[in-house]
There are 4 protein chains.
Amino acid sequence: MDRAAVQAQISRIAARMAREKDRGQVARYIPELAQVDPQQFGIAVAPIKGEVILAGQAEQPFSVQSISKVFALTLALSRAGAGLWQRVGREPSGDPFNSIVQLEYEKGVPRNPFINAGAIVISDVLLEGRDQQAAIADYLAFLANVTGESQVAIDPAVWASERATSARNRALAQFIAAEGNLRHPVEEVLELYFQQCSLALSCAQLAKAGRYLAAGCREMGAGPVSLPVSRARRINALMMTCGCYDASGDVAYRVGLPCKSGVGGGVLAIVPGVAAIAAWCPGLDEKGNSKLALEALEDLAQSMSWSVF
Amino acid sequence: MDRAAVQAQISRIAARMAREKDRGQVARYIPELAQVDPQQFGIAVAPIKGEVILAGQAEQPFSVQSISKVFALTLALSRAGAGLWQRVGREPSGDPFNSIVQLEYEKGVPRNPFINAGAIVISDVLLEGRDQQAAIADYLAFLANVTGESQVAIDPAVWASERATSARNRALAQFIAAEGNLRHPVEEVLELYFQQCSLALSCAQLAKAGRYLAAGCREMGAGPVSLPVSRARRINALMMTCGCYDASGDVAYRVGLPCKSGVGGGVLAIVPGVAAIAAWCPGLDEKGNSKLALEALEDLAQSMSWSVF
Amino acid sequence: MDRAAVQAQISRIAARMAREKDRGQVARYIPELAQVDPQQFGIAVAPIKGEVILAGQAEQPFSVQSISKVFALTLALSRAGAGLWQRVGREPSGDPFNSIVQLEYEKGVPRNPFINAGAIVISDVLLEGRDQQAAIADYLAFLANVTGESQVAIDPAVWASERATSARNRALAQFIAAEGNLRHPVEEVLELYFQQCSLALSCAQLAKAGRYLAAGCREMGAGPVSLPVSRARRINALMMTCGCYDASGDVAYRVGLPCKSGVGGGVLAIVPGVAAIAAWCPGLDEKGNSKLALEALEDLAQSMSWSVF
Amino acid sequence: MDRAAVQAQISRIAARMAREKDRGQVARYIPELAQVDPQQFGIAVAPIKGEVILAGQAEQPFSVQSISKVFALTLALSRAGAGLWQRVGREPSGDPFNSIVQLEYEKGVPRNPFINAGAIVISDVLLEGRDQQAAIADYLAFLANVTGESQVAIDPAVWASERATSARNRALAQFIAAEGNLRHPVEEVLELYFQQCSLALSCAQLAKAGRYLAAGCREMGAGPVSLPVSRARRINALMMTCGCYDASGDVAYRVGLPCKSGVGGGVLAIVPGVAAIAAWCPGLDEKGNSKLALEALEDLAQSMSWSVF
């Protein structure tokens, strides 16, 4: 990877995004997110080896929201293995991230682990054999491990805000419970889910956190994460087909890389064998993905000729 | 690409598939397809450069059915450009290949060009400025071009069978027409659609036909196809997210390559920068994809460590 | 029935409706219907015994459209009996009159005989043992019989218009055929369906035509129609639950009588044991029912204290 | 009304139902209901004037379950008036009683007050201006009033059972809350909902409770309920189109009377101007309505020639 070329491209992109007028809409359904300044933009590229490359507000922490679903799935797969797929599918849903329709047609088995319903089932898996405090501790330890930083943390204000405005997620969880696909009390599962979504990371941290998906265990050097390359590939496949809600097909077409977005405005993208990228801009498009973060990734991928295809 | 390794793997796989007892169900909805011998299996790998590598009944022609949608889309994109995406989406549908439900909710705009409804719109695009005979001639010329063979042909018996058992596709086309998304007479559009689906190719021919997606125009040598690499990448992206109906997510997870399947039992897979693969076995799984062709691709991809992720 | 009171009420109502500004939208999807003058309004009450009572343009013929489904069902029930209910349901659909969604979920068995899909199956039943010409002749003979008039006729301009703008109905019919629920060629079934919808009647004629449902065979005097009272009651029940598309519940609530509407602006209502009522005004509400015809029926039912409840 | 004829018919029907082998399935989703003896059958006819007429186990209390929705709606309409219809529709849903699909498509406005989602909104209305204890006291006072009995009561075991197995109803309530269609805390609304469903009445009591719908205020004598006849008619209309879930059309066709069923096996039917009928038999058909109670009502309606049509 040509570090100088990457630095030049992301600096250019950050400048371009700073000027952009049409920035989408900041998520309003959680009060805490609605207060974020929409002018901000950050981008970071973490090569498999070497230092992370930054542009814009790449060190400003933001709420990762649904991007956390990638980390939760990684943990859940390492514990439950392929048996997990009895309880959650791996197909794109064709519906918005918080839809309950498919849950009814498919009897409480969510379409994939990257929509809210699926991530709630994953939270239930993460409670297996430990209480909620232990489960969140494990989750944070995993993040500390993959980012190589000790200070990764839950944002307490966002967490409180999630909890207070949670009716739709409560509906999803109750519905899954009604169909017999939760093993722990609904409230406990939701607590873990809300807490995990409230993780705050900067672009720099998020890009570093994603490196294990770019590298697999083969190439990641001395790091403590041991993930078989086949598992990294499969998580990337899920990000590609299901990572951006009902715009996943469009993102695959435009960006050509596995991506996972969050309503906090962040997007994590993986260039297998090369690097992990994190882009962040709070305004969302009508599908709930960051408008400018996606445009930045499209621009960068094209400029660097990064595409899995 | 290690030709000897590939030959060894596909020979092993062909032998394994010959022994397999559980072969799925041959498609019954077109009488002509129902008569195909389910014992057959073929596989072919066409490297970007060099001869195609074969195993099993790789030279036995079969009905490509929906795999033809890849070629039709390629032609339509080269003519209509990005304006095409006003008339057909690029998202996974989450529904079976012949579903009419989403058409109603989305007012006659099919979810993607790889479900029947979407391919019917693509046929309409291919009729722009020419009659049906000219349109099918162009289509066959394109195939002759990409395969490098002059004898690619429509199977008249399958064509007649398609036409005679076409009620569901007629319903889709009428519905799209009712919503104003067809510009030519329904019957003409359907004729082209049925004809194009009735293309017969062997695995060897199909793999050669797919090379332009593996290479883009950059590397394909003296061939007459000139496809910008960005377009090849985008077609691959669509194959990845939408190529195997409502099992696309599952196939991405298991195989890790862009694939397009047909109810004739064929699957085309692309290893970008390396090769195109065609596998064929008539029996289908419950989602309408060839059971053993997918297992063969999963096996080969894993053995060769081929994955876009 | 107090004839003078009825006359007073409907004259008052006709005067009120003539003044009404907000008249809804004339149906535009059939060109012939789009040309009808929206200022017109007619109403007629046909008591079980005695002359029909008229107000407004009650002798102006209009296109009955879906109201014809009541007569077609009556004929089909008298021929096929309860076996009919294997091929069409008797539940409200909860969806618009021309929806195709439920057809897919319920495998080609339409929800009820009063939505388009259901009436197409009824047309297929009416072709049993006779060709299309004989079938339409029988249908017109039935109408002549129940109205006591020989000149009831199909409007050829509307018929031609229906045929020419029929894509959605063709889609429905093809879909039903694809699911194996049609026994005659799709084109023949549709011809009968279009022809039957194109029947032109005045309010006076339509009200007379409906008397057999108000009376059953018990009380209808010397007329030639012999319909068991239990069958009349059941057709009324279907009109109540399914007669006004996805506004049937609302109409039952507001009017309290079994009603069947058509997109030509007509509504037939039944006061069991008392009279049949026809009201007509071309402008439709957003559910496809005549805005002012329904208001007129609501007003009349309340004024006369006519309600089945 | 010929009392002797009614007594003869219901005695014959009770004897017939005692012999019936195919009794459907007792509701299993609430443990308390699953323990009810399926052999029981009761029927009661309450004429507008005069004593109630009984047969079978007509004095055995059972859980009225969804039949309570009729009483809750009556109270809510008397308080909120027509404004209620901004928050809940009056169309048949076409879906099962506990479906959440339509709630999503229609943004938290339930289709009608007789499906669970609609009744939850009604409970919210009943909490307006009073706490949950006052609300349930009002509800019981209304029941005491219409039945003329002071001992009507909630069954505490059923109530506890409802609460403990309430995930699906919790999901519905949370979803409605998420769409902004609840004004009180979800838990409070659900408590009232569960309590009201747990009302225990015998057929004799239930038939008496229904008389106000058969009579309107005009004819009901000295009773303390004052319900305008127009309101009674409208509640009857809703029972006709929406009272038996997605079998409402079928019940209208077969029985011809407004009916409301409950999963406890009871059905309340109204013969306007004549009587209210309660039938009870615990076994349900696949739509969740009592199999034999409906057959009994069909038999009785036919024998007495009772039909609104």
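A short reminder: the numbers here are calculations on the coordinates, not readings from a lab. Remember, predicted model here, so these are calculated numbers, not experimental data. Ideal geometry is used to build each Cβ from the backbone, glycine not excepted, and the neighbour counts take in all protein chains shown.
Step by step: find N for chain B, compute 2.2 N^0.38 Å, then divide the Cα radius of gyration by it. What's the final number?
Working: Rg = 17.8 Å, N = 309, 2.2 N^0.38 = 19.4 Å.
After normalising by residue count via 2.2 N^0.38 Å, the value is 0.91.
Region D:19-108: which GluC sites (Glu not before Pro) are DSSP loop and have at most 16 other beta-carbon atoms within 10 angstrom?
D:GLU20, D:GLU51, D:GLU59, D:GLU106
Looking at A:CYS203, A:ALA134, A:ALA153, which one has the Cα that reaches farthest to the positive end of the dipole of region A:126-222 (charges on Cβ: Lys, Arg +1; Asp, Glu -1)?
The residue sitting farthest along the positive end of the dipole is A:CYS203.
Normalised by the number of residues in region B:175-309, what is the relative contact order in percent for Cα pairs under 8 Å and 6+ residues apart? Write out the running numbers ahead of the final one.
Numbers: 198 pairs, mean separation 27.1, N = 135.
Worked out over region B:175-309, it gives 20 percent.
Look at the axis of the rotation that sends chain A onto chain C, then give the chain A residue with the nearest Cβ and the distance in whole Å.
With distances in whole Å, chain A gives A:TYR105, 5.
Rounded, prolate or oblate: pick one for region D:102-142, where a ≥ b ≥ c are the square roots of the eigenvalues of its C-alpha gyration tensor, a/c under 1.5 means rounded, and failing that, prolate if a/b is larger than b/c, else oblate.
On the way: a/c = 4.31, a/b = 2.39, b/c = 1.81.
Because a/c hits 1.5 or more and a/b exceeds b/c, region D:102-142 counts as prolate.
Can you give me the three principal axis dimensions of region C:66-197 from its C-alpha atoms, in Å, biggest first?
43, 34, 27
Please say if region B:150-216 is rounded, prolate or oblate, where rounded means a/c under 1.5 for a ≥ b ≥ c the square roots of the C-alpha gyration tensor eigenvalues, and otherwise the choice is prolate for a/b larger than b/c and oblate otherwise? Show your work: numbers first, answer last.
Working: a/c = 3.04, a/b = 1.67, b/c = 1.83.
It is oblate, given that a/c is not under 1.5 and a/b is not larger than b/c.
Hey, for A:ARG28 with labels 7 Å out along Cα-Cβ, what do the inter-copy distances come to in nm, ordered shortest first?
From this label point to the equivalent ones elsewhere in the assembly: 3.1, 4.7, 5.4 nm.
If you count, for each residue, the other Cβ atoms within 10 Å and average over each peptide, how do A:128-140, D:267-279 line up from highest to lowest? If you can, show how the numbers build up before the last one.
Numbers: A:128-140: 15.1, D:267-279: 27.1.
Ranking the peptides A:128-140, D:267-279 by packing returns D:267-279, A:128-140.
Measuring label to label, 7 Å along Cα→Cβ, what does A:ARG130 give against each other copy in nm, shortest first?
5.1, 6.2, 7.8
Using a basic spin-label model with each label point 7 Å from the Cα along Cα→Cβ, how many nm lie between D:ASP138 and B:ALA4?
Those two pseudo-labels are separated by 8.8 nm.
Taking the alpha-carbon distance from D:LYS208 and a cut-off under 26 Å, which lysines remain once sequence neighbours fewer than 8 residues away in the same chain are dropped?
Excluding near neighbours in sequence, the set is D:LYS49, D:LYS69, D:LYS260, D:LYS291.
Let me know the mean shielding of D:237-245 by other chains, meaning the per-residue number of their Cβ atoms within 10 Å of its Cβ. Walk me through the intermediate numbers first.
Values: counts 13, 4, 2, 10, 10, 5, 0, 0, 1.
Per residue, the average neighbour count from other chains is 5.
Under 9 Å from the Cβ of D:GLU32, count the other residues' Cβ atoms, weight Lys and Arg +1, Asp and Glu -1, and hand me the total.
On the way: positive: none; negative: D:ASP155, D:GLU162.
Once all neighbours under 9 Å are counted, the net charge is -2.
Quick check on region C:60-144: take the gyration tensor over C-alpha atoms, sort the square-rooted eigenvalues as a ≥ b ≥ c, and tell me if it's rounded (a/c under 1.5), prolate or oblate.
Working: a/c = 2.16, a/b = 1.38, b/c = 1.56.
Because a/c hits 1.5 or more and a/b fails to exceed b/c, region C:60-144 counts as oblate.
To the nearest 10 degrees, how steep is helix B:186-197 against the longest Cα principal axis of chain B, on a 0 to 90 scale?
That helix lies at roughly 0 degrees to the long axis.
Compute the acute angle (0 to 90°) between the alpha-carbon long axis of helix D:167-178 and the principal axis of greatest extent of the alpha-carbon atoms of chain D; round to the nearest 10°.
Its long axis makes an angle of about 50 degrees.
Tilt of helix D:68-80 relative to the longest C-alpha principal axis of chain D, in degrees (0 to 90, nearest 10)?
For helix D:68-80, the angle is close to 60 degrees.
Tell me the distances, shortest first, between A:GLU106 and the same position across the other copies, using label points 7 Å along Cα→Cβ, in nm to one decimal.
1.6, 2.6, 2.6
Hey, with R₀ at 45 Å, roughly what FRET efficiency would B:ARG183 and A:THR165 work out to, going by the Cβ-Cβ distance, to 0.05?
Working: r = 47 Å, r/R0 = 1.04.
Efficiency computed from Cβ-Cβ geometry: 0.45.
Given a Förster distance of 22 angstrom, what is the FRET efficiency for D:SER150 paired with D:GLU59, based on the Cβ-Cβ distance and rounded to 0.05?
So, using R0 = 22 Å, E works out to roughly 0.85.
With the Cα gyration tensor of the protein assembly as shown in hand, convert its eigenvalues to equivalent ellipsoid semi-axes via √(5λ) and list them largest first in whole Å.
Details: eigenvalues 662, 304, 142 Å².
Semi-axes from the Cα gyration tensor: 58, 39, 27 Å.
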